[in-house]
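**Student:** Submitted below is the structure of interest, expressed as structure tokens.
The values are calculated or read from the model by the stated rules, or taken from the named source; none is laboratory data. Keep in mind the model is a prediction, meaning the values are calculated, not measured. So basically every Cβ, Gly included, is an ideal-geometry build from the backbone, and we count neighbours across all protein chains shown.
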Amino acid sequence: MSERFDVIVVGAGHAGAEAALAAARLGMRTLALTLSLRGVASMPCNPSIGGPAKGQLVREIDALGGEMALNIDATCMQLRTLNTSKGPAVQTLRAQADRFAYSERMRRVLERQPRLELRQGTVSELLVERGRVLGVATKEGQRYFAPAVILTTGTYMNARVHIGEVNFESGPRGEKTTNRLSASLRDHGFELVRFKTGTPARVRRDSIAYEKLEPLAGDPDPEGFSFMTGKIRRPQALCWITYTNSRTHEIIHANMHRAAMYSGAITGPGPRYCPSIEAKLKMFPDKERHQVFIEPEGWDSEEMYLAGVSTSLPREVQDQFLRTIPGLENVEILRYGYAIEYDALVPTQIDASLMTKSVVGLFTAGQVNGTTGYEEAAAQGIVAGINAARFVRGEEPLILDRSQAYIGVLIDDLVTKGTNEPYRMLTSRAEYRLLLRHDNADKRLTPIGRQIGLVTDERYRVFEERWSAVEAVRERLGASRVGCTEAVQEVLRRLGTQPLRPGQALTLAELLKRPEITWAKLVEVDPGLADVDEAISRQVEIEVKYEGYIAKQEEQVERFRRLEAKAIPDGLDYFAIPGLSREACEKLSMIRPRSIGQAARISGVSPADISVLLVYLHARGGRPQAKAVATRG
Amino acid sequence: MRAGTVQDTIAAIATPPGEGAIGIVRMSGPGAVAIAERVVQSTRRLSQVPSHSLVHGKVVDEGGRVLDEALVAVMRAPRTYTGEDVVEIHCHGSPVVLQQVLARLLQEGARPAEPGEFTKRAFLNGKLDLAQAEAVIDLVRAKSPKGAQIAAMQLEGRLSARVSAQREEILDLLAHLQAVIDYPEEGLVDVDPGEMKRRLERLVDEIDQLLAGADAGRIYRDGIRLAIVGRPNVGKSSLLNALLGEERAIVTPIAGTTRDVIEERALLGGIPFTLADTAGVRATDDPVEAIGVERTRQAVAGADLVLIVLDGSEALAPEDLEVAELVRQAGAGARVLVAVNKCDLPRVLEQAAVERLAGPWPVVWVSAVTGEGLARLEETAAAQVLGQGGAPSAILVTRARHRGALAAARRALEDAGETIARGLPLDLVSVDLQEALEALGQVTGESVSEEVVARIFAQFCVGK
């Protein structure tokens, strides 16, 4: 039995769901194959979405016309704004999800999407002929054909779960795993690595002594992730905080040799970004206590997630050490923490469109590319979905650069530098993060999403209205001046800011630039501003207040773009370039950078190599006629 | 530039001109060993010997006639100075022999190296970073022993090391800032703005020190611009010639014979000087016109050091005071030195009068005719310009490019301090710190963001 599609998506996790939706919304007849229909967009680890850099990714996916933000807004149990005092660029949202509702809603969205078919099936083989993907075959014996296939297998390829000395073949949460696909990828010449990640125990809601814990409430009047959501007015759940102590640490130290990570049972590297409690004790022996967040997994669930104590220790040790923690003295573990090992692709085998370099039409996205995190997966998913559709239609791929989006930083890092541990997005990875704020993700990406065809009329209207309102208010602030009248001086003095000099007149924008003048204070100076919508005024405040810094960052971007604009022609034979170091030749031939800028970011390519490359390209460029002839020939 | 140039084999005489005990002819490039084999007769075949071996042999001409006996060093890529195959032929030092050996190599297919080309190849092959490569070029071009010393120090990476240490400090600050931002719920200790400001100020001070050295560095490389001024016939030109040790400027006892500004280079106190003799001016009743106000003003404005010359055999003239006044006004930045010339003649000029004129400026009594006091004049001139920065252990910035990068870094660090002082959110500080890192990276040639990430995880305990 066989069927034809335009795009086949293997997997329906966070990457697969976005990929399938994007492809179908762009008019592709799309098939999404999942190991289990119950497992769409599941959250086997932390039931939470967002946080620094990750929250920006979610907003960017939304601005392009993706689903993740809408899905979490509809199913979240708690929302908090983080880093409120740290600066506009790093402010971000974090949501606690009802992970059951999250998964359910995403499944419904996929099911209702025209042109998209969601089916259960275990892909066991990739069908490739002469370097071109043809489709996939399943363990169940079906064959599906399409010119573009997107692999989003997450942590399910050749997965093995470790709990202390015990280990067994299994996907996360005891689900199925796909082993034969790894072999099939190896057959087609792909290099795979073994990565690991871990998760803490889930405990029974009623077995916790809440009176001993610090409660952590959501924001009073939270705003959603999506630019389409606005305020979220639903009751919110509480999370709780407690801490490990010296007793906890003693027990863990005494059993360290039994943890799968340290007994030698696991060889793959784990993410530095979410270390197990064992790893934290090893790395930071002086720290007296570690924070534990207790988070509900759903409104209607008995399970509570213990963030901060991910572990691969044996079951009885988990019981023992958790019960030393205040509030958890009588805790009952519903599911033990475990480490999971899985196969991932070495991401330098894909290009910036997320298509593999060796198999035309094969795209990969998500944890299979060596990342960790739902948001990172979804971000790649939407790009892979878009580019698979554009590939099928014979259009140029969408490639976002490092100054446009966190998505651009993420993909550029993966395909340029690769990663030797699960890659997590961090604000510190983004050089131009003052421009990559979560508040302006729509300004950066919605016009691009519109051009691609993912942004609906409704979303585009909301976008245009919002920014024309912002512009109008900015103009108004730039045009209206306050003079040195007694009334004005009086207000300024009351607000604790420098009064005007005699004869001085300042625009409201200049006044707002003063660090101590907030929007609320500006309204006291000019009560006429009170009618400005809060969402608009917040945007204006950021844009005006940090204008100088934003301009400085834009200059840095200019410098960055100069090297990005120096294109490197396809199929350049680096070994034929005199003066390049051997390591540089090898790395450049493998990565095949699009530009000098990207080449300079490859590890092992030195500034001297870049000078050689620049000299060589300059010399080549100096003979355009020869080049034109060659192209024709 | 041709893309293929790097494939050539280049050759040059590597030892300084003149007769030495040993002279070296050096070749670099893929053909180096093969060419040497055709030119050197030896019991061992050069193409067969292991890398970094020394072979005894005879250099022969195309007719097989022996030009010289030589030791040949064969060094194969990549562990060589240029990163290419390198052959050095150590001959007996006669310039004639060296020329003949070089000619043989060129005959067999090597190409004469351009100045600095070995270093350029070393840089292109990733054997030297930019600062080091530039230092070698300075070493090659150094005009003075002290200049060579500084270039050698830079070659060892002292500037790079100091700048790297500053980058480390900035990376630390960024890492802390960003750890707190990336892990807001980990209970990390927040960045203390006061502490950060203090660390930024320390960095600015350090850069100031390097920049102060930059002046001295330029002086070592380009020479000190010394303007010699004074009223007509005090002996400016003869003093210039005495310093140069030869008769370059036209000297006559008739005032006003120096027609234009004469520039000469000389090594004074181990330091290269560019000496500018402001032309003497025809005698006139108007003292202001007599000293050539405009010309003197220009010379003084462009000088590092001004030498006012007085005539010890005459009483102080009004023009002498005019000159001093002019220097005081025009040469705000320049240092000043007074030479009382003609001390071989009976002294008329009074010490007290000289001191009144000189004020804080040092005074040296000299005779351009007998050479008396000239050594002291040289020393005083060198000391005046270098001040405390002249100690040979100081790290001197000799490149305009480095100086510019340091100045940019300094501005960015000051901006960062300003951001903190204004009470703005700390993430904004990272925009400036990023800028400073980039600027300092231009001196050492490194990239940024990966390092910060690595540091965060080395220093802070974070994670879910």
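**Student:** Looking only at the range A:416-450, which residues are part of a loop (DSSP other than H, G, I, E, B), of a type in the set (S, T, N, Q) and within 10 Å of chain B (Cβ to nearest Cβ)?
**Tutor:** As a first pass, look at the range A:416-450 and keep what is part of a loop (DSSP other than H, G, I, E, B): A:418-422, A:424-426, A:430-440.
Imposing the further condition that a residue be of a type in the set (S, T, N, Q) reduces the set to A:419-420, A:440.
Within the range A:416-450, no residue meets the criteria.
**Student:** Quick check on my filter: what residues within the range A:385-409 are among the aliphatic types (A, V, I, L, M) and in contact with a Phe, Trp or Tyr (Cβ under 8 Å, 6 or more places away or on another chain)?
**Tutor:** Initial filter on the range A:385-409 (among the aliphatic types (A, V, I, L, M)): A:386, A:388-389, A:392, A:398-400, A:405, A:407, A:409.
Once the filter is applied, which keeps residues that are among the aliphatic types (A, V, I, L, M) and in contact with a Phe, Trp or Tyr (Cβ under 8 Å, 6 or more places away or on another chain), the range A:385-409 yields only A:A388.
**Student:** Quick one: how many residues across the range A:116-126 are surrounded by fewer than 19 Cβ atoms within 10 Å (Cβ to Cβ) and either over 20 Å from A:G65 (Cα atoms) or within 14 Å of another protein chain (Cβ to nearest Cβ) (or both)? Show your work before the answer.
**Tutor:** Looking only at the range A:116-126, we keep the residues that are surrounded by fewer than 19 Cβ atoms within 10 Å (Cβ to Cβ), and these are A:117, A:119-120, A:124-125.
Adding the requirement that they be either over 20 Å from A:G65 (Cα atoms) or within 14 Å of another protein chain (Cβ to nearest Cβ) (or both) leaves A:119-120, A:124-125.
Within the range A:116-126, residues that are surrounded by fewer than 19 Cβ atoms within 10 Å (Cβ to Cβ) and either over 20 Å from A:G65 (Cα atoms) or within 14 Å of another protein chain (Cβ to nearest Cβ) (or both) number 4.
**Student:** Could I ask something else about it? For the range A:76-92, name all the residues that are in a strand (DSSP E or B), in contact (Cβ under 8 Å) with a residue 40 or more places away in the chain and within 12 Å of chain B (Cβ to nearest Cβ). Even if it seems obvious, please write down each step before you answer.
**Tutor:** The initial filter retains those residues of the range A:76-92 that are in a strand (DSSP E or B), namely A:76-82, A:92.
Restricting the remaining residues to those that are in contact (Cβ under 8 Å) with a residue 40 or more places away in the chain gives A:76-81, A:92.
Within the range A:76-92, A:R80, A:T81, A:T92 qualify.
**Student:** Out of the strands (runs of 3 or more DSSP E) lying entirely within the range B:265-366, which hold 2 or more residues that are buried (at least 17 other Cβ atoms within 10 Å of the Cβ) and modelled with pLDDT of 85 or more? Explain how you work it out, then say what you get.
**Tutor:** Working: elements: B:271-277, B:305-311, B:335-341, B:363-365.
Counting at least 2 such residues, we get B:305-311, B:335-341, B:363-365.
**Student:** Could you tell me whether the range A:262-277 includes any residue that is within 14 Å of chain B (Cβ to nearest Cβ) and either part of a helix (DSSP H, G or I) or more than 24 Å from A:G373 (Cα to Cα) (or both)? Full working, then the answer.
**Tutor:** Filtering the range A:262-277 for residues within 14 Å of chain B (Cβ to nearest Cβ) gives A:269-277.
Now restrict to residues that are either part of a helix (DSSP H, G or I) or more than 24 Å from A:G373 (Cα to Cα) (or both): A:277.
Yes: the range A:262-277 contains one or more residues that are within 14 Å of chain B (Cβ to nearest Cβ) and either part of a helix (DSSP H, G or I) or more than 24 Å from A:G373 (Cα to Cα) (or both).
**Student:** Working only within the range A:325-371, note down all residues that are in a strand (DSSP E or B), in contact (Cβ under 8 Å) with a residue 60 or more places away in the chain and farther than 30 Å from A:T244 by Cα.
**Tutor:** Keep residues of the range A:325-371 that are in a strand (DSSP E or B), which gives A:333-335, A:338-345, A:350, A:355-356, A:360, A:362-364, A:371.
Now drop any that are not in contact (Cβ under 8 Å) with a residue 60 or more places away in the chain, which leaves A:333-335, A:338-345, A:350, A:356, A:360, A:362-364.
Within the range A:325-371, A:D343, A:A344, A:L345, A:I350, A:T356, A:V360, A:L362, A:F363, A:T364 qualify.
**Student:** Output the strands (runs of 3 or more DSSP E) that fall wholly within the range A:156-238 and possess 2 or more residues being crowded, with 18+ Cβ neighbours inside 10 Å, or say none.
**Tutor:** Details: elements: A:160-163, A:166-169, A:192-199, A:202-204, A:214-216.
The qualifying strands (runs of 3 or more DSSP E) are A:160-163, A:192-199, A:202-204.
**Student:** Within the range A:565-612, track down each residue that is more than 13 Å from chain B (Cβ to nearest Cβ) and assigned to a loop (DSSP other than H, G, I, E, B).
**Tutor:** Once the filter is applied, which keeps residues that are more than 13 Å from chain B (Cβ to nearest Cβ) and assigned to a loop (DSSP other than H, G, I, E, B), the range A:565-612 yields A:A565, A:K566, A:I568, A:P569, A:D570, A:G571, A:R592, A:P593, A:R594.
**Student:** Right, next: Can you give me the ranges of the helices (runs of 4 or more DSSP H) entirely in the range A:452-560 with at least 3 residues that are crowded, with 16+ Cβ neighbours inside 10 Å and of a type in the set (V, I, T)? Don't jump to the end; show me each part of the working.
**Tutor:** Values: elements: A:457-479, A:486-494, A:508-513, A:519-525, A:534-545.
It comes to A:457-479, A:534-545.
**Student:** Can you name the number of the only condition in (1) closer than 21 Å to A:A430 by Cα; (2) modelled with pLDDT of 90 or more that B:K197 fails?
**Tutor:** (1)
**Student:** Also, quick follow-up: Which ones in the range A:133-152 are under 29 Å from the mean Cα position of the chain (by Cα) and at negative phi? Give the steps one after another, and end with the answer.
**Tutor:** Initially, the range A:133-152 is screened for residues under 29 Å from the mean Cα position of the chain (by Cα), giving A:133, A:135-136, A:146-152.
Once the filter is applied, which keeps residues that are under 29 Å from the mean Cα position of the chain (by Cα) and at negative phi, the range A:133-152 yields A:V133, A:V136, A:A146, A:P147, A:A148, A:V149, A:I150, A:L151, A:T152.
**Student:** Go through B:G109, B:G83 for me and flag whichever is more than 31 Å from the chain's Cα centre (by Cα) and outside any strand (DSSP E or B). If you could, list the steps in order and put the result at the bottom.
**Tutor:** Working: B:G83 fails: more than 31 Å from the chain's Cα centre (by Cα).
The conditions single out B:G109.
**Student:** Which residues, taken from the range B:367-404, are surrounded by fewer than 21 Cβ atoms within 10 Å (Cβ to Cβ), hydrophobic (A, V, I, L, M, F, W, C) and modelled with pLDDT of 65 or more?
**Tutor:** B:V369, B:L374, B:A375, B:A382, B:A383
**Student:** Could you please give the count of residues in the range A:286-321 that are away from chain B (no Cβ under 14 Å) and either surrounded by 22 or more Cβ atoms within 10 Å (Cβ to Cβ) or over 14 Å from A:P47 (Cα atoms) (or both)? Explain how you work it out, then say what you get.
**Tutor:** Narrowing the range A:286-321 to residues away from chain B (no Cβ under 14 Å): A:296-304, A:312-321.
Filter once more, so that each one left must be either surrounded by 22 or more Cβ atoms within 10 Å (Cβ to Cβ) or over 14 Å from A:P47 (Cα atoms) (or both): A:296-297, A:304, A:312-321.
Adding up the residues that qualify gives 13.
Table: residues versus (1) touching a strand residue (DSSP E or B) at 6+ places or on another chain (Cβ under 9 Å); (2) of a type outside the set (D, E, K, R); (3) without any contact (Cβ under 8 Å) to a residue 40 or more places away in the chain.
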| residue | (1), (2), (3) |
| --- | --- |
| A:T122 | yes, yes, no |
| A:E125 | yes, no, no |
| A:G131 | yes, yes, no |
| A:A146 | yes, yes, no |
| A:T152 | yes, yes, no |
| A:T155 | yes, yes, no |
| A:V161 | yes, yes, no |
| A:E169 | yes, no, yes |
| A:P172 | yes, yes, no |
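**Student:** Another question, then. Pick from the range B:143-194 the residues that are at pLDDT below 70 and in contact with a strand residue (DSSP E or B) (Cβ under 9 Å, 6 or more places away or on another chain): which of them is nearest to the other protein chains (Cβ to nearest Cβ)? Break it down into steps so the answer makes sense when it comes.
**Tutor:** So the first thing to find is which residues in the range B:143-194 are at pLDDT below 70, and the list is B:143-157.
Restricting the remaining residues to those that are in contact with a strand residue (DSSP E or B) (Cβ under 9 Å, 6 or more places away or on another chain) gives B:143-147.
Values: B:K143: 28, B:S144: 30, B:P145: 30, B:K146: 29, B:G147: 26 Å.
Ranking the candidates gives B:G147 first.
**Student:** Out of the residues in the range B:72-84 that are surrounded by 23 or more Cβ atoms within 10 Å (Cβ to Cβ) and within 13 Å of another protein chain (Cβ to nearest Cβ), state the one that is nearest to B:Q41 (Cα to Cα).
**Tutor:** B:E84
**Student:** Under the condition of being closer than 17 Å to A:V58 by Cβ and touching a strand residue (DSSP E or B) at 6+ places or on another chain (Cβ under 7 Å), which residue from the range A:93-115 is nearest to the other protein chains (Cβ to nearest Cβ)?
**Tutor:** A:R94
Yes or no, residue by residue, for (1) over 26 Å from A:E223 (Cβ atoms); (2) modelled with pLDDT of 90 or more; (3) within 14 Å of chain B (Cβ to nearest Cβ):
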{"site": "A:A469", "(1), (2), (3)": "no, yes, no"}
{"site": "A:A487", "(1), (2), (3)": "yes, no, no"}
{"site": "A:G496", "(1), (2), (3)": "yes, no, yes"}
{"site": "A:P502", "(1), (2), (3)": "yes, no, no"}
{"site": "A:T507", "(1), (2), (3)": "yes, yes, no"}
{"site": "A:L529", "(1), (2), (3)": "no, yes, no"}
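**Student:** Let me ask another. Identify, from the list A:G13, A:G55, the residue that is touching a residue at least 24 places away in the same chain (Cβ under 8 Å), buried (at least 24 other Cβ atoms within 10 Å of the Cβ) and within 14 Å of chain B (Cβ to nearest Cβ). Give the derivation first.
**Tutor:** Details: A:G13 fails: within 14 Å of chain B (Cβ to nearest Cβ).
Of A:G13, A:G55, the one residue that is touching a residue at least 24 places away in the same chain (Cβ under 8 Å), buried (at least 24 other Cβ atoms within 10 Å of the Cβ) and within 14 Å of chain B (Cβ to nearest Cβ) is A:G55.
**Student:** Hey, another quick one. What single numbered condition from (1) of a type outside the set (F, W, Y); (2) at pLDDT 95 or above; (3) not assigned by TED's automatic domain parsing to the domain that holds A:E165 fails to hold for A:Q349?
**Tutor:** (3)
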